Each structure stands twice: as structure tokens, then as C-alpha cells.
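*Asks:* Take this structure, written in C-alpha cells, and hold onto it; I'll ask about it next.
The values are calculated or read from the model by the stated rules, or taken from the named source; none is laboratory data. Quick caveat, the model's predicted, so the values are computed rather than measured. Cβ placement follows ideal geometry from the backbone for every residue including glycine, while neighbour counts extend to all protein chains displayed.
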């Protein structure tokens, strides 16, 4: 107390506030506080798998000239929102997958764009994978098509304390090895 003699009233007030803040932080770390906190469910992260975000189809297997392109499709993005059941153990993830496709000089007719949705855990293990087809047909004067696919996936969490944030959902085109190589060399 002797050190405080002669200290201004403002200094004492700052010291009291500092001690109060320290006590508040210390109380937040106590096990009793953690027992009372209820963790709210969190939606899994969603995204597009980098090397599988583009699909360029050529009319000739060996052709790689711009005039050989039948179409070029892109995954433009994924948006997700979640709904949880009453006890927070089942997540329904609703995703909007945004696509665009551009007609190339060698376009011959309707195509199916095959894409996948994969669920990964926090260790990057694939827990599930589902494939979808998106039919695309360009009109006679149409060069570009854009659209959104709406998907809904339901997941059961392994335990009541598991968090949806520990999971990741990735979307990508189903690619052949040569298409994957093309994507990696044409970034």
C-alpha cells in the first residue's frame, strides 16, 4: 500500500480496472465456466477444389490448339448454408454451385458436365463422394451459359460434441488425367 501513497486518483483507478480485467480473464479459463458454455453447431466449410475448377474439352484427342476446343467450363464458386436438427447431430447443407460454360470453335452438340461433391474430415480423409451430371446445350447463337445448381447433402455427426467446422465439402469437375494435366499447365 505504501507504493500507492502519493499516486494520483487516476493511477489507482487504472490499477483497480487492470486487476478486475485479470480476474475476469482468469474466471473465463476456469473449468466451471467451460462447463456452462454451449457450443452452437457450425456449418462445414465449402469450396471448389483448385485443380478441378475447370474442364476444357477438345474435339480431337491430340488437339490442343484453340480451334480444337469444343467447350470450356468453369466452377465459379460454391455458397453453402446449413440447417441443424434439434439436438445438433444432423446437418443439412444446402449448396449453390455456380457454373459457366463457353462454347468453343469445335462444339458439336450437347454435353454432360460431370462434377463431384466430396466430404472431408479434419485430417483430409474423404468420408464420402457423390457424382452429378449437368447437361449443357448451347443455342445456335449462344456462346456462353451461366447457371447455378442447387444441391442438398445431409450429414450425421459422429458424436454430440462433434463440430461441423471440422468438415470440409469440396466441389470439382470429374477429370481425366490429361484434363487435369492441362489445368495444371494452363493456370
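*Asks:* Residues to consider are 95, 76; find the one that is at pLDDT 95 or above, assigned by TED's automatic domain parsing to the domain that holds residue 137 and over 26 Å from residue 142 (Cα atoms).
*Replies:* 95
*Asks:* Could you count how many residues in region 28-73 are surrounded by 17 or more Cβ atoms within 10 Å (Cβ to Cβ) and at pLDDT below 90?
*Replies:* 3
*Asks:* Right, something else. Condition test on residue 137, is it surrounded by 13 or more Cβ atoms within 10 Å (Cβ to Cβ), over 15 Å from residue 47 (Cβ atoms) and modelled with pLDDT of 90 or more?
*Replies:* Against the criterion (surrounded by 13 or more Cβ atoms within 10 Å (Cβ to Cβ), over 15 Å from residue 47 (Cβ atoms) and modelled with pLDDT of 90 or more), residue 137 does not qualify.
*Asks:* Can you tell me which residue within region 85-102, out of those that are buried (at least 16 other Cβ atoms within 10 Å of the Cβ) and out of contact with any strand residue (DSSP E or B) (no Cβ under 6 Å at 6 or more places or on another chain), is farthest from residue 119 (Cα to Cα)?
*Replies:* Taking the candidates together, the pick is 88.
*Asks:* Okay, moving on. Please go through (1) more than 30 Å from residue 62 (Cα to Cα); (2) assigned to a strand (DSSP E or B) for residue 123 and return the number of the only condition it doesn't satisfy.
*Replies:* Exception for residue 123: condition (2).
*Asks:* Are any of the residues in region 150-163 crowded, with 16+ Cβ neighbours inside 10 Å and modelled with pLDDT of 90 or more?
*Replies:* Checking region 150-163: at least one residue is crowded, with 16+ Cβ neighbours inside 10 Å and modelled with pLDDT of 90 or more.
*Asks:* What do you reckon, is residue 70 more than 21 Å from residue 130 (Cβ to Cβ) and either in contact (Cβ under 8 Å) with a residue 24 or more places away in the chain or assigned to a strand (DSSP E or B) (or both)?
*Replies:* Considered against the rule, which asks whether it is more than 21 Å from residue 130 (Cβ to Cβ) and either in contact (Cβ under 8 Å) with a residue 24 or more places away in the chain or assigned to a strand (DSSP E or B) (or both), residue 70 comes out as yes.
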